[in-house]
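Following: one structure in structure tokens, then a few remarks.
The values are calculated or read from the model by the stated rules, or taken from the named source; none is laboratory data. Just so we're clear, the structure is a prediction, and the values are computed from it rather than from any experiment. Please note that ligands, DNA and RNA were not included when accessible areas were found on the heavy atoms of the full protein model with its side chains. Shrake-Rupley method; radii C 1.70, N 1.55, O 1.52, S 1.80 Å.
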Amino acid sequence: MSASTENTSGEVMVGADKVTKSFGTLEVLKGINLSIGKGEVVAITGASGAGKTTLLQILGTLDKPTSGRVTIDGTDVSSLSGKALAHFRNRKIGFVFQFHQLLPEFTALENVMMPALIGGASRREAEAGARGLLDFLNLSHRAGHKPNEMSGGEKQRAAIARALINKPAVVFADEPSGNLDSHNADELQSLFFSLREEYGQTIAIVTHDTHMAERCDRMIVMKDGLVSEE
């Protein structure tokens, strides 16, 4: 599969225009231009230090670029700050991390419900949505279990359910299979495409997993803070 920065699906869900990021004198991103189409599953790949995670954090509004512009679902998120940015992130973006980051004192159901409650949903609405997602992800039997009572694959599926609870426009995943064995990694890869089919999700995945990257619709290959067209 060849690297490309341009989506071919029509409607743009995520766009970056001349995005740079520096930490002091260290320039990590050197002018990124890319677009991800609605409903695409895209892999962002490259060697360690290429800037993949930094780019994902900026696209996901967890960090701001030094210069340039990011748009998500038609909104210029670079211009948002404070409560407006937090509200946008809660409603429009879901995150899946390598280490699931579930809160250990809460059950799987409670962890999944949390973004919905933060977003203003009633407890009844949040619980109904969370149970529906846990059922879709074959985790209903773990709803009352805390993370330390679940396997690695189960915890990652619970984290995906949490990412989806507010029906986000886009899901960003940072090395989601990096902490899983090969069986659970394969299941996770298939799950991302099931989510796209079921919920129409746009998904951007930072990964070193060649097998996962090759299964995606498109690969965006990064090298030395730039997108490498190979």
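Just a few scattered comments:
- With Cα atoms, 0 to 90° folded angle of helix 123-136 axis to the chain main axis: 80
- Relative contact order for the chain: 33 percent, from Cα pairs under 8 Å spaced at least 6 residues apart, divided by residue count.
- Theoretical ellipticity at 222 nm over the chain - DSSP helices of four or more residues, -39500 (n - 2.57) apiece, nearest 500: -11000 deg cm²/dmol
- Length added when fully stretched, E125-S22, from 0.36 nm per residue minus Cα-Cα: 32.9 nm
- Rounded to the nearest 10 degrees, the inclination of helix 152-164 to the longest alpha-carbon principal axis of the chain is 80 degrees.
- Most fluctuating residue given options G129, G74, G94, as computed from a GNM of the chain linking Cα atoms under 10 Å: G74
- Protein accessible area in segment 53-208, 1.4 Å probe - carbon and sulfur %: 50
- Rolling a 1.4 Å probe over the protein chains gives D224 an accessible area of about 100 Å².
- Two-decimal Rg/Rh across segment 129-208, once Rg and the Kirkwood Rh are taken from alpha-carbon atoms: 0.93
- Residue-level accessible surface for E11, protein heavy atoms, 1.4 Å, Å²: 100
- Computed over segment 1-133, the range of Cα coordinates on each principal axis works out to 45, 37, 30 Å, biggest value leading.
- For the chain, lysine pairs separated by 8 or more sequence positions, or belonging to different chains, with Cα-Cα distances below 19 Å total 20.
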